[in-house]
1. Among the residues of segment 143-163, which ones are more than 9 Å from ligand 1 (Cβ to nearest atom) and not in a helix (DSSP H, G or I)?
2. So Val305 ticks every box in (1) closer than 30 Å to Ala207 by Cα; (2) outside any loop (DSSP other than H, G, I, E, B); (3) among the hydrophobic types (A, V, I, L, M, F, W, C) but one. Which box is left unticked?
3. Hey, any hits in segment 60-68 for a residue that's among the polar types (S, T, N, Q), outside any helix (DSSP H, G or I) and either surrounded by 15 or more Cβ atoms within 10 Å (Cβ to Cβ) or touching a residue at least 12 places away in the same chain (Cβ under 8 Å) (or both)?
4. Taking Ile194 as meeting all but one of (1) within 15 Å of ligand 2 (Cβ to nearest atom); (2) touching a Phe, Trp or Tyr at 6+ places or on another chain (Cβ under 6 Å); (3) over 16 Å from Pro230 (Cβ atoms); (4) part of a loop (DSSP other than H, G, I, E, B), write down the number of the exception.
5. If Pro78 satisfies every condition in (1) away from ligand 2 (no atom under 16 Å from the Cβ); (2) crowded, with 17+ Cβ neighbours inside 10 Å; (3) farther than 25 Å from Arg160 by Cβ but one, which is the exception?
6. Only one residue in Ser171, Ser138 is closer than 26 Å to Ala320 by Cβ, among the polar types (S, T, N, Q) and within 16 Å of ligand 2 (Cβ to nearest atom). Which one?
7. Hey, among Ala9, Ala49, which residue is farther than 16 Å from Ile161 by Cβ and either aliphatic (A, V, I, L, M) or assigned to a strand (DSSP E or B) (or both)?
8. So, Glu168, is that one within 22 Å of Tyr228 (Cβ to Cβ), acidic (Asp, Glu) and outside any helix (DSSP H, G or I) or not?
Amino acid sequence: MLTRRLAEAEISEAVTIIRAGGVVAFPTETVYGLGGLATRSEAIRAIFAAKGRPSDNPLIVHVGGIEQLSQCVREVTPLARRLFERFAPGPLTVVMPKLGRICEEVTCGLDTVGVRIPNHRLALSLLRAIGEPIAAPSANRSGRPSGTDWRSVLEDLDGRIDAILCGESSSIGLESTVVDVSSGEPRVLRRGAITLEALQGMDPRFAMWEGKAMEMAMRSPGVRHPHYRPQAEVVLFEQAGELSESLRTLRRGDCGVLVSEVNREWEGFDFRGFGLVERCGTYEEYGHCLYGFFREADRRKLTHVYCQRVAKEGLGEAIADRLERARGKIGE
Ligand code: TXA
Ligand code: MG
């Protein structure tokens, strides 16, 4: 299959392809998504096939505005409505009771569906022009880091999807926060840029989902699959001194380093000779470049990537979660 590259001005082509049942990658503020009609089984099957996605991992549905929620869910509870009014469009996915017209393949047989309104000009134009719910998982081969720029998406999916709408790189760079408000106990299923604290500000009952692995697997099947992994081995470290220590047995040219310069301990550190170096001044920058860093490390065939740990506060919580998954400690 030839994958068409569409420029921003060719958005109407993307609309036509999706309406005809095809699948098109498009940018959002979190990561690129791979979109198809949520009401059309063939489109959803094509998404799963292109990604090589396990068939028990449900997809998020995207709409262009709050008024479109009634096309996907049986009921928008008062809490769900308040969440959308406060955080949409934005990096928040809300799991709610699903409407029958969303096809079973989207939700893998669950009777709930996760819905998101992305905060991205092109994505919103696309969704509004189509006017129907669009299922869109992250646009990457299953198990690989999500694609945050169109070149990364093509690296994984060229020849496997109908088209890609090429926009800028995703500003946040981490997948949305996923919350489940379908029961009386609102829970965070996946961390993201909307923090637990911010959610508790809307409803103090919000908590992280901390059930047993088995229950979690039923509540959010995606979290049990390996995720967000580069081919290089991911090593986490705290301090500059610790990095120097663990590098003694390796060739610097085989290693990448991702540092957070939020604290100033790096003054005087010699960054020469590494295979790849990325220095981030804020957690926002860290989140924005994390997946691109992993992918670049793989392109350069590095054997190890050293990532500095972040404090688990604000966006740091979501970054810490992705780092743990990348080194294979969660999500298997
Ligand atoms: O930021 C994002 O959310 C991106 C962009 C494209 O919107 N999408 C994304 O989709 O990250 P995906 O498929 O890579 O991750 C969806 C996550 C999975 O962990 C899945 O298990 C969970 O959301 N999920 C989807 N529907 C669910 C449901 N009905 N109940 C529980 N978890 C659900
Ligand atoms: Mg994904």
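1. Matches in segment 143-163: Gly143, Arg144, Pro145, Gly147, Thr148, Asp149, Asp158, Gly159, Arg160, Ile161, Asp162, Ala163.
2. The single condition Val305 does not satisfy is (1).
3. Within segment 60-68 (the criterion being among the polar types (S, T, N, Q), outside any helix (DSSP H, G or I) and either surrounded by 15 or more Cβ atoms within 10 Å (Cβ to Cβ) or touching a residue at least 12 places away in the same chain (Cβ under 8 Å) (or both)), the answer is no, since none of the residues qualifies.
4. Unmet for Ile194, out of (1) within 15 Å of ligand 2 (Cβ to nearest atom); (2) touching a Phe, Trp or Tyr at 6+ places or on another chain (Cβ under 6 Å); (3) over 16 Å from Pro230 (Cβ atoms); (4) part of a loop (DSSP other than H, G, I, E, B): (1).
5. Of the numbered conditions (1) away from ligand 2 (no atom under 16 Å from the Cβ); (2) crowded, with 17+ Cβ neighbours inside 10 Å; (3) farther than 25 Å from Arg160 by Cβ, the odd one out for Pro78 is (2).
6. It is Ser138.
7. Ala9
8. Here the answer is yes, as Glu168 does meet what is asked.
The values are calculated or read from the model by the stated rules, or taken from the named source; none is laboratory data. Keep in mind that this is a model prediction, so the values were computed, not measured. Every residue, glycine as well, gets a Cβ built from its backbone with ideal geometry; the counts of neighbours run over all protein chains shown.
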